[in-house]
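**Q** The structure follows.
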Amino acid sequence: SRKLPDAFLDAVVRLTATEPDAEVRAQIASTSRRLPANQALALVRALCQRDIDAADPCIPLLCWWTLEALCARDRDAVIAALEWKSAMVNEQILGRVMRRFAADGTHAGLLTCAQLLESAPAAEQRQRLMVGFEEAFKGRALPTLPEPLVQALARHGLASRHLRVRLREPEAIAAALKTAMDEMARMDERLLCVRLFGEVKVPESVPVLLRLVVSAPSNELRKAALTSLLLYDNE
C-alpha cells in the first residue's frame, strides 16, 4: 500500500469535509482502499460524516470495501473508526460489519460481535447490528456463542424469537412450533418457522412438519415442510 505524506493526507481529509462533488468524494473513497490502515480509516471517517452520501449508490459501498479489507487484521481499529452518529454508518455500514464478523464463525469473530454490541451507544444501533448478525446465519447452523456475546444479547434484550430458537431455548421452540401449525398466523411467519426447523435440528418438530406435509392448505408451506424434513432423514 502507498503511504501519503501526512500534510497531503490532512489536506484530503479537510477537502472531504466540504467537497461538493459526489464523484470526487467517490474517488477519495476508492483511493482509501489502497492506503495503509491508519490513513484509510482517516479518510473513511471523514467520508462517513457526510450524511448527504448515506443514500448514494456507490460511496457507502466503497467505504465498506475499505473497512472489510481491514477487518481481518485491524478489527479494533475498524470498530474504533465507526462514527456511531453518522447516517451512512447507521444505514449502510453497521449491519455489514456485524455480518462480516458473525459470518467468520470463529471465537474471535463472535467476541468482536459482542464488542460491537457493547460499544453501540443506543438501541437503534444495536438493532441494526442484530439485523446483520441474523443475516449471517440464514441457512446456517448457529455456532456455540461465547459467554460475552450471550451476556450482551441477554443484557440488551436483543435475541429475536427466531434467534432464540437457534439458541435452543425451549419456550422459543414451543412458540415456533405453535406458529407453524397455527392456521390463523400470517403465512410469512409460518413459513419462517417451518424453514427454521430445516436449519436448526429440533427433533420435536418432526411430527409438526409431517402433519404440514400431509395437510397444509398451502403448496408453499407443504414444500417448505418437506424440505425441512430432509434435515431429519435419520430420525
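**Q** Does the range 170-232 come out rounded, prolate or oblate by the C-alpha gyration tensor, with a ≥ b ≥ c the root eigenvalues, rounded set by a/c under 1.5 and, if not, prolate when a/b is larger than b/c and oblate if not?
**A** In terms of gyration-tensor shape, oblate.
**Q** Would you kindly derive the ³J(HN,Hα) couplings of the range 145-154 from the backbone phi angles with the Karplus curve 6.51 cos²θ - 1.76 cosθ + 1.60 (θ = phi - 60°), listing them in order in whole Hz, with x for Gly and Pro?
**A** 8, x, 4, x, 6, 4, 5, 5, 4, 5
**Q** Just tell me which lysines come within less than 23 Å, Cα to Cα, of LYS3; anything on the same chain fewer than 8 places away is out.
**A** none
**Q** Please list, in order along the range 213-228, the HN-Hα scalar couplings obtained from phi with the Karplus expression 6.51 cos²θ - 1.76 cosθ + 1.60 (θ = phi - 60°), rounded to whole Hz, x for Gly and Pro.
**A** 4, 7, 10, 4, x, 9, 4, 5, 5, 4, 5, 5, 5, 5, 4, 5
**Q** Given the -39500 (n - 2.57) contribution per DSSP H run of 4+ residues, what per-residue ellipticity at 222 nm results for the chain, rounded to the nearest 500 deg cm²/dmol?
**A** Calculated at 222 nm, the ellipticity per residue is -19500 deg cm²/dmol.
**Q** Across the range 20-34, in residue order, what do the Karplus-derived ³J(HN,Hα) couplings come to in whole Hz, using 6.51 cos²θ - 1.76 cosθ + 1.60 with θ = phi - 60° and x for Gly and Pro?
**A** x, 8, 5, 5, 5, 5, 5, 5, 4, 4, 5, 5, 4, 5, 9
**Q** Turning to a different aspect of this structure: In the range 1-47, which trypsin sites (Lys or Arg not before Pro) fall in coil by DSSP and have 14 or fewer other Cβ atoms within 10 Å?
**A** ARG2, LYS3, ARG34
**Q** Kindly provide log₁₀ I(q)/I(0) values, in the same order as q = 0.09, 0.14 Å⁻¹, from the Debye equation applied to equal alpha-carbon scatterers of the range 57-216.
**A** Here the Debye-derived log intensity ratios amount to -0.35, -0.75.
**Q** So how far, in whole Å, is the C-alpha centre of the range 159-175 from the one of the range 54-110?
**A** 28 Å
**Q** Taking 8 Å as the Cα distance limit and 6 or more residues as the minimum spacing, I'd like the relative contact order of the chain as a percentage.
**A** For the chain, the relative contact order is 11 percent.
**Q** Here's another thing I want to ask about it. Mind checking the angle between helix 59-71 and the chain's longest principal axis? C-alpha axes, 0 to 90 degrees, to the nearest 10.
**A** 80 degrees
**Q** Give the Cα extents of the range 6-151 along the principal axes, in whole Å, largest first.
**A** 46, 27, 27
**Q** Right, here's the next one. Return the loop-located trypsin sites (Lys or Arg not before Pro) in the range 188-235 (DSSP other than H, G, I, E, B) with at most 15 other Cβ atoms within 10 Å of their own Cβ; answer none if there are none.
**A** Taking the range 188-235 and a limit of 15 other Cβ atoms within 10 Å, the loop trypsin sites (Lys or Arg not before Pro) found are LYS201.
All of the numbers you see were taken from the coordinates with simple rules; none came from a lab. Quantities reported herein were computed from a predicted structural model and do not represent experimental measurements. No Cβ is skipped: glycine too gets one built from the backbone with ideal geometry, and neighbour counts run over all protein chains shown.
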